[in-house]
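Worksheet: the structure to be examined is printed underneath.
The values are calculated or read from the model by the stated rules, or taken from the named source; none is laboratory data. Just so it is clear, the model here is predicted, and its values are computed rather than measured. Neighbour counts are summed over all protein chains in view; Cβ atoms, including those assigned to glycine, are modelled from backbone coordinates with ideal geometry. Accessible surface is based on the protein model in full, side chains and every heavy atom, while ligands, DNA and RNA are left aside. Shrake-Rupley method; radii C 1.70, N 1.55, O 1.52, S 1.80 Å.
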Amino acid sequence: MIGIFDSGSGGLSVLREIIKILPREKYIYFADNAFCPYGEKTPEFIQQRGRVVTDYLLSEGADIIVVACNTATAAAISTLRSEYDVKFIGMEPAVKPAALSSETGVIGVLATAGTLKGSKYLNTKGLYEDNVRIEERVGQGFVELVERGVLEGPEAERTVRDSLQPLLDSGADRIVLGCTHYPFLKDVIQKLSGPSVQVIDPAPAVARHLLDVMETEGLVREDGGPELPDVRLVASGDPGPSRALYQMIIKNR
Ligand code: DGL
């Protein structure tokens, strides 16, 4: 069983990609939305939530855990790896593909404050900043929009524009989505950015990495499994937002 968690519904953008390539596995998705957003919380707080959620997922039978949250990956994945005897797959902002493909030499990164301050991101950034200029912005209010299911329309466009426009004004032709909630606003981000800007979601790469690790660990189901993905959704708060987004994912599959 694959355990997946996020501060809320954002990690469903990762689950969406995972079930495309591993449709017959069993999943438990935990939305820690009683404590959402994680973006401004301390690393210690997020580590503690990571332990609580990990204990729960393991008690439900998870064999591997996807930390489908950039902020939790930045704050807690190394602590969790040192404390638990289970594999954790984390998120990585897609700075590399953006930096290698940019034509203007400027890339924009949208993420939470916690991710942008984390050593993982700062190290990755250090590898590429000699070659490209990297501009960053917190997607102010994006997480709240997604949790409320507002994925398009004037309010979503207004909110997205406030954080996105400075990146576009700086000449960025690649926008990296460094928070798993943001892919649910990808259509709005793409519309406001125009066709010459590529918006990059790291979730497909994370899904492929999970598949590789599961193959190496011998965790891929051999017996076929059910026809539809077997996904159980659990939340520390109201399960409504995750259920609604999950229905949308399944419908648009
Ligand atoms: N979805 C999260 C991330 O990838 C966390 C957003 C939040 O709770 O602030 O960073």
For q values of 0.11, 0.15, 0.26 Å⁻¹, compute log₁₀ I(q)/I(0) with the Debye formula on a Cα-only model of segment 1-76, without solvent. -0.25, -0.46, -1.24
Loop trypsin sites (Lys or Arg not before Pro), segment 127-213 (other Cβ atoms within 10 Å of the site Cβ: 13 or fewer; DSSP): Arg148
Out of residues 5 or more away from Ile89 or on other chains, whose amide H comes under 5 Å of its own, with H placed 1.01 Å from N in the peptide plane? Ile65, Val66, Val67
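Two-decimal Rg/Rh of segment 1-148 from alpha-carbon positions, Kirkwood Rh?
0.98
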With the other protein chains left in place, how much accessible area per residue, in square angstrom, belongs to segment 94-188 at a 1.4 angstrom probe? 44
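Where nothing but the Cβ of Lys and Arg (+1) and of Asp and Glu (-1) is charged, how large is the charge dipole of segment 131-192 around its Cα centre, in debye to the nearest 20?
Values: 8 positive and 11 negative charges, 26 e Å.
The dipole magnitude comes to about 120 debye.
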Where labels lie 7 Å past Cα in the beta-carbon direction, separation of Glu103 and Asp238 in nm: 4.5
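Under the 0.36 nm per residue contour assumption, what length would be gained going from the current alpha-carbon distance of Ala34 and Glu217 to full extension?
Details: separation 183, 0.36 × 183 = 65.88 nm, distance 3.29 nm.
The span from Ala34 to Glu217 would gain 62.6 nm if fully extended.
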Given the pairs Lys96/Lys186; Lys26/Lys96; Lys26/Lys87; Lys41/Lys191; Lys26/Lys191, which are separated by over 24 angstrom at their Cα positions? Lys26/Lys96; Lys41/Lys191; Lys26/Lys191
Mind checking the full-extension length gain between Glu152 and Ala113? Use 0.36 nm per residue of separation minus the Cα-Cα distance, one decimal, nm. 11.7 nm
Anchor Lys120: aspartates and glutamates whose Cα lies under 13 Å away (excluding residues fewer than 8 positions away in-chain): Glu92
Normalised by the number of residues in segment 129-239, what is the relative contact order in percent for Cα pairs under 8 Å and 6+ residues apart? 23
Ranked packing of 106-112, 194-200, 236-242, most packed first, by mean Cβ within 10 Å: 106-112, 236-242, 194-200
Can you bin every Cα-Cα distance in the chain into 5 Å intervals starting at zero and give me the percent of pairs per bin, rounded to whole numbers? 1, 6, 14, 18, 20, 17, 12, 7, 3, 0, 0
So for segment 111-253, using the alpha carbon gyration tensor with a ≥ b ≥ c as root eigenvalues (a/c under 1.5 gives rounded; past that, a/b versus b/c decides prolate or oblate), I'd call it oblate
If unit charges are put on Cβ atoms (+1 for Lys and Arg, -1 for Asp and Glu) and the dipole of the chain is taken about its Cα centre, the option from Leu127, Val206, Leu177 lying farthest towards the positive end turns out to be Leu177
At a 10 angstrom cut-off on C-beta neighbours, averaged per residue, how do the peptides 221-228, 74-81 rank from highest to lowest? 74-81, 221-228
Report the net charge of residues surrounding Arg49, where surrounding means a beta-carbon distance below 9 angstrom and charges are Lys +1, Arg +1, Asp -1, Glu -1. +1
If one puts a single equal scatterer on every Cα of segment 8-52 and applies the Debye formula without solvent, what log₁₀ I(q)/I(0) results at q = 0.14, 0.20, 0.30 Å⁻¹? -0.43, -0.74, -1.08
Ranking Ile18, Ile46, Tyr246 by how far each Cα lies towards the positive end of the charge dipole of the chain (+1 on Lys and Arg Cβ, -1 on Asp and Glu Cβ), the top one is Tyr246
So the FRET efficiency between Glu144 and Glu227, C-beta based with R0 = 30 Å and rounded to 0.05, is 0.25
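Which three numbers, in whole Å and largest first, are the semi-axes of the equivalent ellipsoid of segment 63-177 derived from its Cα gyration tensor as √(5λ)?
For segment 63-177, the ellipsoid semi-axes come out as 26, 21, 10 Å.
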Estimated inter-spin distance, Glu60 and Arg161, nm [label 7 Å along Cα→Cβ]: 4.0
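With a cut-off of at most 11 other beta carbons within 10 Å, and DSSP calling the residue loop, which GluC sites (Glu not before Pro) in segment 56-146 qualify? Please list them. Please list the in-between numbers first.
Working: sites: Glu60, Glu83, Glu103, Glu129, Glu135, Glu136, Glu144; in loops: Glu60, Glu103, Glu129.
Sparse-neighbourhood loop GluC sites (Glu not before Pro): Glu103.
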Would you work out the charge dipole size for segment 58-116 about its Cα centre, treating the Cβ of every Lys and Arg as +1 and the Cβ of every Asp and Glu as -1, and quote it to the nearest 20 debye? 180
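With all distinct Cα pairs included, what does the Kirkwood hydrodynamic radius of segment 196-253 come out to in Å, to one decimal, could you say?
Details: mean 1/r = 0.0687 Å⁻¹.
Roughly 14.5 Å, rounded to one decimal.
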